[in-house]
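S.K.: Could you have a look at this structure, given as structure tokens, before my questions?
The values are calculated or read from the model by the stated rules, or taken from the named source; none is laboratory data. Everything numeric in this text was worked out from a predicted model, so none of it was measured. Every residue, glycine as well, gets a Cβ built from its backbone with ideal geometry; the counts of neighbours run over all protein chains shown.
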Amino acid sequence: MKTNLATIQVVTEVQPCPNSDNLDLVKVLGWRVVTRRNEFKIGDKCVYIAIDTVVPETPQFEFLRKAHFRIRTCRLRKQLSQGIVFPTAIIQNQQEWTDGQDVTELVGVRKYEKPIPVNMAGMVKGSFPSYVPKTDEIMLQSIPNILKEIAGKDVYISVKCDGTSCTFGNFNGEIDVCSRKLSLKDAEGNLYWQIFKKYNIAGVFEKNPNIAIQGEVCGPSIQKNRLGLKEHELFVFQVYDIKSGKYLNYADFIEFCRINNLQTVPILNTCTFDFTMEEMIEMAKGVYANGQFREGIVVRPLVECYSPSVDNHDDKLRGRMSFKVLNNDFLEKNKE
């Protein structure tokens with residue numbers, strides 16, 4: 001099963017890093033990374049490790065100890081650097097590498113997970129239900145070819161709310177209230193269940209069996225409450241039809257939320273997609289209503305469709321055409 005936190009990639013650009021005699025700026029996929037001078041040339045294969053990952057505590061990664069071995073967006077000599085690039089020699093069992101090959105397990109990289117507040121941990125009922133995909137989104141810069149796939153399609157662009165994701169599922173009468181990875185029991189004080197009850201999700205399920213509602217819970221005590229909310233709120237970003245194995249198209253999603261008194265994530269725009277990588281990165285910038293940097297944006301077609309780029313990147317996502325673009329201002333400011 002693909003994870004693609006560390007992959008074999010090809011260096012497509014190399015240029016001297018401004019204001020430095022010892023550093024270069026290289027491009028891998030849609031990312032730009034600061035490296036040592038002359039470490040790479042165009043066409044070289046390399047190991048690219050993505051941002052928001054944690055590398056093992058081994059001698060080769062000792063320089064990341066002060067960062068707790070986490071790879072983040074940073075600036076070096078005023079240049080934005082996202083991810084880390086290594087020669088393929090970092091992997092001991094040398095072989096003939098192929099472009100895009102996943103080497104996450106070989107390198108020992110894992111995804112960084114934001115800590116869950118104590119009042120949202122809850123008692124575990126079981127693993128995340130298999131009848132619905134987990135909430136996840138691929139960063140545009142990791143799948144630049146999707147720009148060709150989505151060009152000319154009618155899309156909607158939504159705000160990525162900074163909170164904690166949740167899933168409420170009802171499959172053949174069995175209800176699951178889930179964090180991003182687990183189904184939880186109805187324990188006293190558990191905020192996921194409080195949200196379930198606040199928005200009368202049980203009543204929604206009575207009228208709409210065999211669906212899953214997925215959204216972001218935001219508010220006090222969650223990710224520093226960057227939206228500045230006075231109470232906890234649910235922002236729905238997708239609804240999944242369990243029987244058909246498909247997400248609702250945009251119009252049906254909006255109507256579903258309207259009828260059931262559920263608020264969606266803010267929708268910025270609906271349009272025909274005709275944007276470059278650079279334009280999307282700029283579009284991701286912006287602030288929430290309270291003036292704090294927003295986390296970014298999510299782009300999806302109005303009518304659900306398949307993406308080879310997504311499928312090749314992570315088979316857990318079932319090839320759904322969808323991607324996120326994070327706000328670089330947000331990434332630089334929020335270092336926790």
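S.K.: Considering the stretch 299-316 alone, what residues qualify as being in a strand (DSSP E or B) and closer than 21 Å to Val236 by Cα?
M.R.: So in the stretch 299-316, the residues in a strand (DSSP E or B) come out as 299-301, 306.
Val299, Arg300, Pro301 - these are the residues of the stretch 299-316 that are in a strand (DSSP E or B) and closer than 21 Å to Val236 by Cα.
S.K.: Do the conditions hold for Val85, that is, is it buried (at least 20 other Cβ atoms within 10 Å of the Cβ), of a type in the set (A, V, I, L, M), out of contact with any helix residue (DSSP H, G or I) (no Cβ under 9 Å at 6 or more places or on another chain) and not assigned by TED's automatic domain parsing to the domain that holds Leu227? Spell out the reasoning first.
M.R.: On the way: buried (at least 20 other Cβ atoms within 10 Å of the Cβ): yes; of a type in the set (A, V, I, L, M): yes; out of contact with any helix residue (DSSP H, G or I) (no Cβ under 9 Å at 6 or more places or on another chain): yes; not assigned by TED's automatic domain parsing to the domain that holds Leu227: yes.
It is true that Val85 is buried (at least 20 other Cβ atoms within 10 Å of the Cβ), of a type in the set (A, V, I, L, M), out of contact with any helix residue (DSSP H, G or I) (no Cβ under 9 Å at 6 or more places or on another chain) and not assigned by TED's automatic domain parsing to the domain that holds Leu227.
S.K.: Being within 30 Å of Lys246 (Cα to Cα), surrounded by 14 or more Cβ atoms within 10 Å (Cβ to Cβ), in contact with a strand residue (DSSP E or B) (Cβ under 8 Å, 6 or more places away or on another chain) and polar (S, T, N, Q), is that true of even one residue in the stretch 136-146?
M.R.: Yes, the stretch 136-146 contains at least one residue that is within 30 Å of Lys246 (Cα to Cα), surrounded by 14 or more Cβ atoms within 10 Å (Cβ to Cβ), in contact with a strand residue (DSSP E or B) (Cβ under 8 Å, 6 or more places away or on another chain) and polar (S, T, N, Q).
S.K.: Now, a different point. Of all residues being out of contact with any strand residue (DSSP E or B) (no Cβ under 9 Å at 6 or more places or on another chain) and of a type in the set (S, T, N, Q) in the stretch 214-256, which is modelled with the highest pLDDT? Just the residue, please. Write out each step before concluding.
M.R.: Here is the first cut: in the stretch 214-256, the residues out of contact with any strand residue (DSSP E or B) (no Cβ under 9 Å at 6 or more places or on another chain) are 220-221, 224, 228, 230-231, 244-245, 251, 255.
This time we only want the ones that are of a type in the set (S, T, N, Q), so: 221, 244.
On the way: Ser221: 88, Ser244: 94.
Result: Ser244.
S.K.: Specify the residue that is nearest to Gln95 (Cα to Cα); the eligible residues are those in the stretch 18-55 that are β-branched (Val, Ile, Thr) and touching a residue at least 60 places away in the same chain (Cβ under 8 Å). Explain how you work it out, then say what you get.
M.R.: Keep residues of the stretch 18-55 that are β-branched (Val, Ile, Thr), which gives 26, 28, 33-35, 42, 47, 49, 51, 53-55.
Next cut, touching a residue at least 60 places away in the same chain (Cβ under 8 Å) only: 47, 49, 51.
On the way: Val47: 13, Ile49: 19, Ile51: 25 Å.
Per the stated criteria, the residue is Val47.
S.K.: When you scan the stretch 263-298, how many residues do you find that are assigned to a loop (DSSP other than H, G, I, E, B), crowded, with 17+ Cβ neighbours inside 10 Å and β-branched (Val, Ile, Thr)?
M.R.: Counting residues in the stretch 263-298 that are assigned to a loop (DSSP other than H, G, I, E, B), crowded, with 17+ Cβ neighbours inside 10 Å and β-branched (Val, Ile, Thr) gives 1.
S.K.: Mind listing whichever residues of the stretch 239-262 are under 25 Å from Glu295 (Cβ atoms) and in a strand (DSSP E or B)?
M.R.: Passing the criteria: Val239, Tyr240, Tyr247.
S.K.: Being under 22 Å from the mean Cα position of the chain (by Cα), on the phi < 0 side of the Ramachandran plot, in the same structural domain as Arg300 (by TED's automatic domain parsing) and not polar (S, T, N, Q) is the requirement here; does Ile157 meet it?
M.R.: Details: under 22 Å from the mean Cα position of the chain (by Cα): yes; on the phi < 0 side of the Ramachandran plot: yes; in the same structural domain as Arg300 (by TED's automatic domain parsing): yes; not polar (S, T, N, Q): yes.
Yes.
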